[in-house]
Amino acid sequence: MPVILRVRVAAVLVVGVLIGSCGTPAPETPRPDDTAGFPVTVGPLTLDERPARIVVLAPTATEMLFAIGAGGQVVAVDDQSTHPPEAPRSDLSGFQPNAEAIAAHEPDLVVISSDINQIANQLDTLGIPVYQAGPARTLDDSYTQLDDLGRLTGHAAEAGNVVTRMRDDIAGIVADVPERREEPTYYYELDQALYTVTGTTFIGALFDRLGLVNVADRAGLQGTNAGYPQLSAEFLIDADPDLIFLADTKCCGQSADTVKARPGWSGITAVRTDRIVALDDDIASRWGPRVVELVRTIADAAGEVG
C-alpha cells in the first residue's frame with residue numbers, strides 16, 4: 001500500500017463524522033471543586049483529580065472533548081485537529097509524537113489514538129497519564145469513548161447527553177430510509193488510487209445501516225487489506241455503482257468534475273445520473289459527534305435513487 005494511502009487509511013481509522021444538535025459544544029459547567037466525583041477509573045487509568053491541562057493527539061478525541069464541554073480544559077491539540085476552530089492547535093504530531101514536546105505543555109492528561117513509538121510508555125515514565133481513544137469499529141465504540149472522556153474530565157452527564165442525541169438522530173435518519181425493491185450500490189473513494197472501504201470498517205457499517213450495498217463487498221473483498229482494498233477502474237466500470245462518495249476532496253482535489261473526466265467512467269450509472277457526492281474529508285474520517293452529519297448526507301444521497 002502506498003505511503004500516502006497508509007496515512008489516509010490511518011486517518012480513517014484514527015477508521016472519521018455531527019453538525020446540528022451534536023455539533024454545538026456543551027457549555028462549560030462551573031466546578032468549584034475539581035475533586036468532586038474523583039478519583040475516576042477507566043480501564044487501567046485512574047485519575048485522582050479532574051484534569052485541568054489536557055493535550056490531545058487525536059482529531060476525533062478533540063471533537064469529542066469540545067462537544068461534551070471539556071474544551072476549556074484542553075491546552076493543546078495536534079496539527080490534524082481542525083475542528084472546532086477554537087481548539088488550541090499546535091505543531092504536535094499524532095503520527096510522530098514527541099514525549100518532550102508533549103511534556104512541555106505540562107499536561108495532567110494526554111489523549112492519543114495510536115500508541116506510535118510506545119508514546120504511552122514514554123509519557124508514563126514522565127508521570128503523565130494517558131488515555132487511548134483507538135479507532136472505532138462500531139458506533140458503540142464511539143459512544144464508549146465519549147462516555148470514557150466524560151468521566152475522565154468531569155463531564156459525565158454532558159457526555160451522556162451527546163451520546164443520547166447521537167443515538168436518537170441516527171435512529172431517526174435510519175427510520176426515514178424508504179423501502180426499496182432493490183438496494184442501491186455505492187463506491188466510497190479514499191483517494192484517486194481507488195482505495196476504498198468495505199462493510200467491515202466503521203464507515204462501511206454506516207452504509208450498511210442505511211441499506212446500501214458496497215460494490216467491494218459484492219465482490220467478496222471484505223477481508224482485503226483489513227477492509228481497505230484497492231480497486232481498479234475496470235472493476236468499477238463493470239460494477240456500475242449507483243452512487244459514488246468522494247472522501248478525497250480536500251486532500252486530493254477530487255470532485256464530480258474530476259470523476260466525470262476519468263477515461264471510461266462516463267458510462268457508470270452514478271456518473272450518468274450525476275450522483276457523485278463530495279464529502280468533507282475530515283468528517284468522513286472521524287467517528288466523533290459529527291458522524292451524524294455523515295449519516296445524514298449518505299441518507300439524503302441514497303434517497304435520490306429510485
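Descriptive notes on the structure:
- Between the C-alpha center of the stretch 274-306 and that of the stretch 100-158 there is a gap of 28 Å.
- In sequence order, the stretch 230-247 has phi-based couplings of 9, 9, 10, 4, 4, 4, 5, 5, 6, 5, 6, x, 6, 9, 10, 10, 9, 9 Hz under the Karplus curve 6.51 cos²θ - 1.76 cosθ + 1.60, θ = phi - 60°, and Gly or Pro positions carry x.
- Nitroxide proxy distance, nm - points 7 Å out along Cα→Cβ at residue 240 and residue 168: 4.4 nm
- At full extension, residue 98 and residue 157 could sit 17.9 nm farther apart than now, given 0.36 nm per residue minus the alpha carbon distance.
- A simple charge model with +1 on the Cβ of Lys and Arg, -1 on the Cβ of Asp and Glu and nothing else charged puts the dipole of the stretch 122-192 at about 180 debye relative to its Cα centre.
- Whole-angstrom gap from the stretch 50-81 to the stretch 233-257, using each part's C-alpha centre: 33 Å
- Highest average packing first - 84-90, 175-181, Cβ atoms within 10 Å: 84-90, 175-181
- Cα→Cβ-extended label distance, 7 Å offset, between residue 179 and residue 41, nm: 5.1 nm
- Share of Cα-Cα pairs in the chain lying beyond 33 Å, as whole percent: 27 percent
- When each of the peptides 254-261, 157-164, 63-70 is scored by the mean number of other C-beta atoms lying within 10 Å of its residues, the order from highest to lowest reads 63-70, 157-164, 254-261.
- Bridge type composition, the chain - antiparallel percent by DSSP, nearest 5: 20 percent
Where a number appears in this text, it was derived from the coordinates with a stated rule and is not lab data. These figures come from a predicted structure and were not determined experimentally. We place every Cβ from the backbone using ideal geometry, glycine too, and count neighbours over all the protein chains shown.
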